[in-house]
Amino acid sequence: MNSNLENLWEEARELSFGTTPQIERLHTPPTPLQYLRHYLSQNKPFILSASVATTLQWPATTLWTSTSYLRRTLSSSTVSLHLTPTGHADSLTPHPSNPNSLCFASAHIRRTSFSDAIDAINASHNTDLNKGFVAYAQQQNDCFREEYGALAGDCDSHVSWATEAIGSSPEAVNLWIGNELSETSFHKDHYENLYAVVTGEKHFVLLPPTDVHRMYIREYPAAQYNYSEETGEFKLELENPPRYVPWCSVNPYPLLQNKEKEMSEFPLYHNGPKPFEVTVKAGEILYLPSMWFHHVRQTPDNRGLTIAVNYWYDMQFDIKYAYFNFLQSLPAPNEPTSHTHSTNKNVSDGDEKHSEESTF
């Protein structure tokens, strides 16, 4: 089984990317037919580079570099701001009553004015103590059209070549505003994701769906951060009744003091084929195919902000989905069969519909 899976990982890369695998960069938008044939049907990512020929010639690319413009345009808007002590929302953190085990922690969500949200993002800092917070505007679930509608005219409502190829409009359009402290743990989505960076940069670590066993997906108890405005402290509480979330156990950037332990605990990830690492700069679009695992960090602009818009198109639940479900139902090498998990469409391994750049 071990060698068979290793052959699959290598062959999947060679078929998609050749013998020197890297994410392809396009300098002109694909036609709908090119996108359908060469990328969508092959589940193959690419970056559309910033140039005069790209579709990302939006008013947003200049207007959103002004915080005063954003404040003025959204002066009457109430938005959802996600607060965590470290900037790691929808991720694994030490269990509140047993620090030797982990739980899946979701952010505290504060409904606030946009102006207050920007102030909170700018004031964000994390600390080893349980004080201070990191704020991130990452509501998803069509938040751009629901909460930031006043900015709608600054961007395209859809990606035309993707809409024509897929045959439908995006199910959701989301806006992300954060800083360098916000980080998204490994996860996957059941969406075709067109991810456009407007200011700053996004740094993705990518793995194809065939690498599911390298993610060490395990079930963790769900917990929620609660933030006290009075004390400035967080309290992490387990959900009641208990709920368990299948989530990726791997951290691609372990602390130096933890690296040896991580490599020993997750050898299939650390000793397997190198993940793809790509930086998406302002004015560029990443096509992130459905079910690809991705981890996301960011570098802000000179104001300390990173702003992005992404378009979620429904994936086709076709033979690729059946193939992936079969693959992840197989026991992982050197692990007992009890580590296999549900592949339910809405909550499947590493797939919670409320995490950064899309979710499991």
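The values are calculated or read from the model by the stated rules, or taken from the named source; none is laboratory data. Computed from a prediction, not measured in an experiment: that's the story for all the values here. We place every Cβ from the backbone using ideal geometry, glycine too, and count neighbours over all the protein chains shown.
Quick notes on this structure:
- Residue that is nearest to T184 (Cα to Cα) [pool: residues in region 100-124 that are under 22 Å from the mean Cα position of the chain (by Cα) and not in a strand (DSSP E or B)]: A107
- Within the option set S68, S75, being farther than 30 Å from L327 by Cα, of a type in the set (S, T, Y) and part of a loop (DSSP other than H, G, I, E, B) holds for one residue only, S75.
- Yes/no for A162 being out of contact with any Gly (no Cβ under 9 Å at 6 or more places or on another chain), surrounded by 24 or more Cβ atoms within 10 Å (Cβ to Cβ) and in a helix (DSSP H, G or I): yes
- Applying the set (1) assigned to a strand (DSSP E or B); (2) out of contact with any Asp or Glu (no Cβ under 8 Å at 6 or more places or on another chain) to N258 leaves exactly one unmet item: (1).
- Residue among Y227, Y191, Y244 that is of a type in the set (F, W, Y) and within 19 Å of the chain's Cα centre (by Cα): Y191
- Whenever a residue of region 222-248 is in a loop (DSSP other than H, G, I, E, B), its partners that are among the hydrophobic types (A, V, I, L, M, F, W, C), lying with C-beta atoms within less than 6 angstrom and at least six residues away or across chains, give the pairs E239/A222; R243/A222.
- Within region 1-33, the set of residues being assigned to a loop (DSSP other than H, G, I, E, B), in contact (Cβ under 8 Å) with a residue 60 or more places away in the chain and farther than 18 Å from V278 by Cα comprises M1, P29, P30, T31.
- Scan of region 186-207 for residues that are surrounded by fewer than 24 Cβ atoms within 10 Å (Cβ to Cβ) and farther than 14 Å from A308 by Cβ, ordered by number: H190, Y191, V205, L206
- Any hit, region 4-22, residues being buried (at least 19 other Cβ atoms within 10 Å of the Cβ), farther than 24 Å from H203 by Cα and at pLDDT below 95: yes
- Sub-8 Å Cβ pairs linking a first residue in region 72-85 that is in contact (Cβ under 8 Å) with a residue 40 or more places away in the chain and surrounded by fewer than 18 Cβ atoms within 10 Å (Cβ to Cβ) to a second residue that is part of a strand (DSSP E or B) and β-branched (V, I, T), at least 6 apart or interchain, are T78/T112, ordered by first then second residue.
- Flag if A123 is modelled with pLDDT under 95, under 25 Å from Y35 (Cβ atoms) and out of contact with any Phe, Trp or Tyr (no Cβ under 8 Å at 6 or more places or on another chain): no
- In summary, S115 fulfils each of the numbered conditions (1) under 29 Å from T28 (Cα atoms); (2) in contact with a helix residue (DSSP H, G or I) (Cβ under 6 Å, 6 or more places away or on another chain); (3) polar (S, T, N, Q) with the single exception of condition (1).
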